[in-house]
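Below is one structure, written out as structure tokens; comments come after it.
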Amino acid sequence: MADIILGIESSCDDTSAAVIRDGVLLSNVIASQQVHKAYGGVVPELASRAHEQNIVPVVAEALSQAGISAAELTAVAFTRGPGLLGSLLVGTSFAKALSLSLDIPMVMVNHLQGHILANFIRQPDVPVAEPSFPYLCLLVSGGNSQIVKVDSPLDYEILGQTIDDAVGEAFDKCSKMLGLGYPGGPVIDRLARTGDPGRFTFAKPHIPGLDYSFSGVKTSLLYFVRDELAKDPTFLENNKEDLCASFQKTLVDILMDKLVKAARQTGIREVTIGGGVSANSGLRERIVAEGRRRGWKTYLPPFKFTTDNAAMIAVAGWFRYRAGECAPLDIAPVSRLADY
Ligand code: KG4
């Protein structure tokens, strides 16, 4: 009998549900919450309320697009964390209710593990290149920046991570402070395309080992712009493309330096990226170019699976389900990775 898994993702500001049959994606529905735009960042209380409104229609739509009835589901996989607690509670509670009413097992998924396994989302009629184990994953999102060694779908080791801001946070905060818009990553990425990445230089951190830091480079950009604006009030308006291109290049340089170091230290040549920032065109181009130069095999997830989605949760859940890892009904969501 086929394994039909419903995945539910509600860790931040996207309510998403997906259905996979024996690992093949049948549907992936995402309701992005527009309510946060006015605030320039995600407002947790508004996010949980929007999840409450969205979860039932999003799951119904995912089942309908997949042509699957709830009674046919084998298991329900949900994001347990890390993320916003109120948001996670909505997805977790929904999964519990479904598990109880349909008498099917529940599988908890670490959101980051979902991003790490995004390259394993198989779509009907789309050839997919899956990395071989062990591989390195540069996991870059709004809340995390990590280099992860992935030994199997269920076993992984964090080799390095940010000691302060995540790289997505650096994009978002700088964009907000400069009045460029939210979320900052896509805005800076777009402006950077027509800018000169070599025009400005910003301070790079010197952190030992494979850890990252992004708060200094963020401050470096903001202080530089403040000083220039004091001399010329039109500075930002006239230089935004070059500023974005130079800032983006600095972030990509920082990310790549440590990834190259990790590949050298571990001897691993299979390299992937995941998380919202893996949609960044500068990062995608660099990782491919660097891979060619160093003899890596690089795997980039399709754009639609870089940001939060339930397809990756369903796939990660399927791996766990097959390993017999089901969650008890009294399971509680966790907001921090450290509590996972
Ligand atoms: O993985 P994600 O959807 O949510 C979590 O943080 O879990 O990542 C969101 C982050 C935001 O910081 C957003 O600005 C960033 O991904 N992002 C990008 C791009 N698209 C999204 N950053 C840089 N370039 C992009 N094209």
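In the stretch 62-104, the qualifying residues are those that are β-branched (Val, Ile, Thr) and not in a loop (DSSP other than H, G, I, E, B), and the one that is farthest from Val334 (Cα to Cα) is Val76.
Considering Gly168, Gly143, the condition of being in a helix (DSSP H, G or I), in contact (Cβ under 8 Å) with a residue 24 or more places away in the chain and either outside the structural domain of Val35 (by TED's automatic domain parsing) or open to solvent by 30 Å² or more (accessible area, probe 1.4 Å) (or both) is satisfied by Gly168 alone. Return yes or no: is Glu237 within 16 Å of the ligand (Cβ to nearest atom), open to solvent by 40 Å² or more (accessible area, probe 1.4 Å) and farther than 22 Å from Gly142 by Cβ? No, not satisfied. Would you confirm, using the coordinates I've provided, whether Leu159 is more than 8 Å from the ligand (Cβ to nearest atom) and either among the aromatic types (Phe, Trp, Tyr) or open to solvent by 40 Å² or more (accessible area, probe 1.4 Å) (or both)? Yes.
Of everything in the stretch 59-72 that's farther than 17 Å from Asn309 by Cα and hydrophobic (A, V, I, L, M, F, W, C), which residue is most open to solvent (accessible area, probe 1.4 Å)? Of everything passing the filter in the stretch 59-72, Ala71 is most open to solvent (accessible area, probe 1.4 Å). Residue count for the stretch 174-186 under the criterion of being more than 17 Å from the chain's Cα centre (by Cα) and surrounded by 17 or more Cβ atoms within 10 Å (Cβ to Cβ): the result is 5. Residues in the stretch 27-58 that are under 14 Å from Asn309 (Cβ atoms) and either in a strand (DSSP E or B) or in contact with a Leu (Cβ under 7 Å, 6 or more places away or on another chain) (or both): Ser27, Asn28, Val29, Ile30, Ala31, Ser32.
Could you check, for the stretch 112-125, whether at least one of its residues is buried (at least 21 other Cβ atoms within 10 Å of the Cβ) and not in a helix (DSSP H, G or I)? Within the stretch 112-125, one or more residues are buried (at least 21 other Cβ atoms within 10 Å of the Cβ) and not in a helix (DSSP H, G or I).
The values are calculated or read from the model by the stated rules, or taken from the named source; none is laboratory data. The structure displayed is predicted, hence computed values, not measured ones. With ideal geometry, Cβ positions are generated from the backbone for all residues, glycine too; neighbour counts draw on all protein chains shown. Calculation scope for accessible area: heavy atoms of the full protein, side chains included, ligands and nucleic acids excluded. Shrake-Rupley method; radii C 1.70, N 1.55, O 1.52, S 1.80 Å.
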